[in-house]
Amino acid sequence: MKTTLPNPARNTLTKVATAARPQTRPAFSRKNHPGPDRNADHDGAETTGSPYKLEGLDRVVAILDLLGESDNSLSLAEICRQMSLRKSTAHRALMALERTGLIERAPSHRYRLGLKLYDMGNRAVEQIDLRARIHPYLRKLALRVGHTVHLGVLHKTRVVYIDKIEPINRHVCISSRTGTSNPVYSTSLGKAILAFLPPEEVAKTVDAIQFVSFTSKTLTSPDELMGALERVRRRGFSVDDEEMELGTRCVGAPVFDLARVAIAAVSVSGPASRLTAHCVPVIAEHLIRCCQEISLGFPTQDAKQVLRTQPVR
C-alpha cells in the first residue's frame with residue numbers, strides 16, 4: 001500500500017483548517033470571498049456581518065485550502081488571481097504563514113504547504129477518541145489474520161489512515177502511516193466506504209476524482225469505479241488487487257451507522273505472495289465480522305460526529 005505523496009502536508013490540511021474555522025457560520029471560500037479587502041478594517045476584522053467572522057483568519061485558511069488543493073506550488077500572482085486579492089494583502093498573509101512554518105517557499109518564489117501542517121495533523125489524529133475505542137478490535141483482527149490492519153475515513157476524494165496495527169510476527173512491513181492518505185478509487189478502504197454512501201454523495205465524489213494510474217491494475221475511469229463499487233455492495237467487501245502498489249493486496253470492509261451508511265472502513269493488507277487470491281474470502285469473513293462488532297460497539301451518533309469527515313463540496 002503506497003503512501004508516499006508529492007506533498008504529505010496536504011493529507012492533513014483539512015483537520016487543521018477545520019479546527020481553525022468558527023463553526024457558527026458558513027466556511028470562508030474563494031467562491032464567496034467579497035473581493036479585495038472589502039468591509040475589512042486595518043486589523044483584518046470584518047466590520048459587518050457576523051461578530052465571529054475574522055476576515056484575516058478566514059483569508060489565511062482560504063490560502064491554505066488553495067495551496068492544499070493545488071497539485072503544484074503557486075506564485076503570488078496566481079494566488080492573487082484565484083482569490084481576488086490585492087498583491088500587498090496576499091503578500092502579508094503569505095509572509096505570516098511562512099514565518100510560522102505553515103507554508104514554505106519553493107523555487108522561483110512559489111509557495112506550497114509546510115511540513116508543520118503534517119505534524120499538527122498527525123497530532124490531531126492521535127487525539128481522536130474513537131480511535132482508542134476501536135483500536136482493540138483492530139489488534140484482535142491483526143492477531144487473527146496475521147496481516148497489517150488499517151482504519152480509515154473518507155475526506156473528499158481521499159482516504160485518511162487514522163490507525164494501523166502490524167502483526168506481531170510480521171514478515172513484511174506495509175509502508176503506510178497514520179495521518180497520510182491515498183486516493184479513494186485505488187484503495188480497499190476507499191471503495192468500501194464509497195460503496196455504502198448515499199447515491200448523491202457517491203456521484204459528487206466520483207465526479208471530483210482525477211484518475212491517475214499507479215499500476216497497470218489501477219482503475220482509470222468513473223465507469224470502472226462504479227462497476228467496482230457495485231461488486232463491493234454485492235459481496236460486502238472490497239479488494240485492492242495491486243491497484244495502488246504492485247506486490248500489495250488489500251481487503252476492506254465498511255463500518256456502518258444504524259442507517260447502514262459507511263462512516264469508516266477497516267482493511268487487511270499484505271504482500272500479494274502471502275495474501276493470495278484464494279485467501280481473500282477467508283480474510284473477508286474475519287474482516288466483516290470485525291466491522292460488525294465495531295459498528296455495534298459504540299454510540300452511533302458519537303461515531304458519526306468523530307469519524308465522518310466533511311461532506312464533499
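Tabulated results
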| item | result |
| --- | --- |
| Calculated diffusion of the stretch 126-255, Stokes-Einstein form, Kirkwood radius summed over Cα pairs, 4 °C and 1.567 mPa s, µm²/s | 86 µm²/s |
| Sequence of D163, D241 once ranked by neighbouring C-beta atoms within 10 Å, starting from the fewest | D241, D163 |
| Total charge dipole magnitude, the stretch 128-307, about the Cα centre, Cβ charges on Lys, Arg, Asp, Glu only, Debye to nearest 20 | 480 debye |
| Peptides ranked, highest mean first, by Cβ atoms within 10 Å: ranges 228-234, 136-142, 62-68 | 62-68, 136-142, 228-234 |
| Cross-link pairs K156/K191; K116/K204; K164/K191; K164/K204; K140/K191 - those with Cα-Cα distance over 20 Å | K116/K204; K164/K204; K140/K191 |
| Under-5 Å amide H pairs with A106, H placed in peptide plane, nonlocal only | Y111, R112 |
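Where a number appears in this text, it was derived from the coordinates with a stated rule and is not lab data. All of these numbers come straight from a predicted model, not from anything done at the bench. Methodologically, a virtual Cβ is constructed for each residue, glycine included, from the backbone with ideal geometry; neighbour enumeration extends over all protein chains shown.
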